Amino acid sequence: MQTLRNTELDALQAAWPQHMQRAIQLAASVFSAAPNPRVGCVIVGGNAEAGDSVLGEGWHQGAGLPHAEPVAIANAIRLAAGSTAFVTLEPCCHTGRTGPCSSALIEAGVSRVVIASKDPNPKVSGGGIAALEAAGVEVFFLQDFEDGARRLNRGFFSRLERRRPFVRCKLAMSLDGRTALANGESKWITGAEARSDVQRLRAECDAIVTGIETVLADDPAMTLRQAELGLNAQQLVWNELRLSNPPLRVVLDSRGRLSETAKIVTEPGRCIAYRLDGANSSVEASSPIAVRLAPNSGESVSRVSLLSVLESLAELDECNEVLVEAGATLSGSFIEAGLVDELIVYIAPKLLGSDGRPLLGMSGLNELSDAIEFKVESLEQVGADIKVTLRPR
Ligand code: AOF
Ligand code: ZN
């Protein structure tokens, strides 16, 4: 395999970045393909007669459905010998829910495969590249697209490389950093557009994690609501699989206080409650709540270990991405534990006053050097509100 930077491309390879960019764009047609990665493929004619024309395009829509490469092959008008396939991820070489893509590309007569990331799945992990090369197909790695390709699948890479999901934490506050009035009244701090944006965050994750205090106080449904997503007809079709498999709803319920009648339990879809291992709480076999036990966090014997919960969601449910939609205490604990990979804060342009409730329950920061720092990734206006996306430093 040859690794190339964009500056090293020759005249015949000049359009490669454009094709790879298109493959990344295709992969992003779905919110999630979980537990599979999102992958896009563009097949380009490579002989003098066919020129550099795009012969076929495809992307993976979700586990159980065909991978990106066979979709692009099937969509190709004709497959000229000497064509080049641009794939955002190394083609697979295993037979899982579908057959090996490396074989499909070889059989289709593709001469060159250009990839933007290697597959961390131990069943593939270089095997796809080796299979292609063994059949005489040239393989190139376009290094400048690796960040973009990994970003598409940050959850998938996180699960396979760190054995835990990528964690996004969503918060909403007023301009003066309050989430509710002192009496707890908080409904709709942000506007409709921001709420619809949160629906998209939910559509991208595999599990929504919240705390029992939030459930007891607000009885949230934590569901994916198609009508609020604001998708066009085509996007609805592409995301059919995702929409019919909504994210798991997870409640951290150390002492087993979750009621069977809470909306988070009764809404369609799965709900899992994590309780402290050793807490003598019994559950009826017929209960709609799937209970799992987790060890305590070490720091607090009365709270479940957040890391254990994340590891359990990665291992047992193949969760790639988790969205934490919780109150000040649990969100603060996730941040303090260093388990948040991305923080999204919606800021409503209104003042709730100094008696209101603070954004996060984090105390004991006495020195400026104790401050938890973030880097602003993006800043945008969503309806009347401001959305800040941050990464921990
Ligand atoms: C590709 N192209 O579009 C995707 C790939 O269970 P399966 O058969 O769907 O295989 C899932 C694994 O295949 C997944 O974990 C990842 O390693 C790879 N995904 N590979 O060549 C694709 N989605
Ligand atoms: Zn494949």
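The values are calculated or read from the model by the stated rules, or taken from the named source; none is laboratory data. Since this is a predicted model, take the numbers as computed values, not measurements. Cβ coordinates were reconstructed from backbone atoms using ideal geometry, including for glycine residues, and neighbour counts include every protein chain displayed.
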task: Please verify whether region 339-354 includes one or more residues that are in contact with a Gly (Cβ under 8 Å, 6 or more places away or on another chain) and closer than 17 Å to residue 177 by Cα.
output: yes
query: Got at least one residue in region 10-28 being assigned to a loop (DSSP other than H, G, I, E, B), buried (at least 23 other Cβ atoms within 10 Å of the Cβ), at pLDDT 95 or above and within 16 Å of ligand 2 (Cβ to nearest atom)?
result: no
task: Hey, can you tell me all the residues within region 352-388 that are surrounded by 12 or more Cβ atoms within 10 Å (Cβ to Cβ) and either outside the structural domain of residue 171 (by TED's automatic domain parsing) or more than 31 Å from the chain's Cα centre (by Cα) (or both)?
output: 352, 356
task: Answer yes or no: is there a residue in region 106-122 that is under 27 Å from residue 76 (Cα atoms) and of a type in the set (Ser, Thr, Tyr).
output: yes
query: In this structure, does residue 302 turn out to be hydroxyl-bearing (Ser, Thr, Tyr), at pLDDT below 95 and over 26 Å from residue 190 (Cβ atoms)?
result: yes
message: Can you pull out every residue in region 102-139 that is of a type in the set (S, T, N, Q), touching a Leu at 6+ places or on another chain (Cβ under 8 Å) and within 12 Å of ligand 2 (Cβ to nearest atom)?
response: 102, 121
query: Just checking, which of 275, 292, 242 is touching a Gly at 6+ places or on another chain (Cβ under 7 Å), over 30 Å from residue 28 (Cα atoms) and buried (at least 16 other Cβ atoms within 10 Å of the Cβ)?
result: 275
message: Checking residue 44 against (1) crowded, with 24+ Cβ neighbours inside 10 Å; (2) within 16 Å of ligand 1 (Cβ to nearest atom): exactly one of these is not met. Which one?
response: (2)
task: Give the residue, chosen from 108, 81, 104, that is more than 8 Å from ligand 1 (Cβ to nearest atom), surrounded by 19 or more Cβ atoms within 10 Å (Cβ to Cβ), over 24 Å from the mean Cα position of the chain (by Cα) and at pLDDT below 95.
output: 108
message: Whether any residue in region 59-80 is in contact (Cβ under 8 Å) with a residue 12 or more places away in the chain and on the phi > 0 side of the Ramachandran plot is what I want to check.
response: yes
- prompt: Just for region 87-98: of the residues that are within 8 Å of ligand 1 (Cβ to nearest atom) and surrounded by fewer than 24 Cβ atoms within 10 Å (Cβ to Cβ), which one is nearest to residue 73 (Cα to Cα)?
  reply: 98
query: Mind checking which residues of region 122-139 are more than 11 Å from residue 91 (Cα to Cα) and within 16 Å of ligand 1 (Cβ to nearest atom)?
result: 122, 123, 133, 135, 137
- prompt: In region 286-313, how many are farther than 16 Å from residue 257 by Cβ and among the charged types (D, E, K, R)?
  reply: 2
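Yes/no per residue for (1) modelled with pLDDT under 95; (2) of a type in the set (D, E, K, R); (3) under 28 Å from residue 332 (Cβ atoms); (4) within 13 Å of ligand 1 (Cβ to nearest atom):
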position	(1), (2), (3), (4)
141	no, no, no, no
151	no, yes, yes, no
166	no, no, yes, no
173	no, no, yes, no
187	yes, yes, yes, no
- line: Scanning region 129-181 for residues that are of a type in the set (Ser, Thr, Tyr) and not assigned by TED's automatic domain parsing to the domain that holds residue 351 gives 158
message: Give me the residue from region 64-91 that is among the charged types (D, E, K, R) and within 11 Å of ligand 2 (Cβ to nearest atom) and, out of that set, nearest to residue 17 (Cα to Cα).
response: 90
statement: With criteria (1) more than 15 Å from ligand 2 (Cβ to nearest atom); (2) in contact with a Gly (Cβ under 6 Å, 6 or more places away or on another chain); (3) within 18 Å of residue 26 (Cβ to Cβ), residue 145 comes up short on (2)
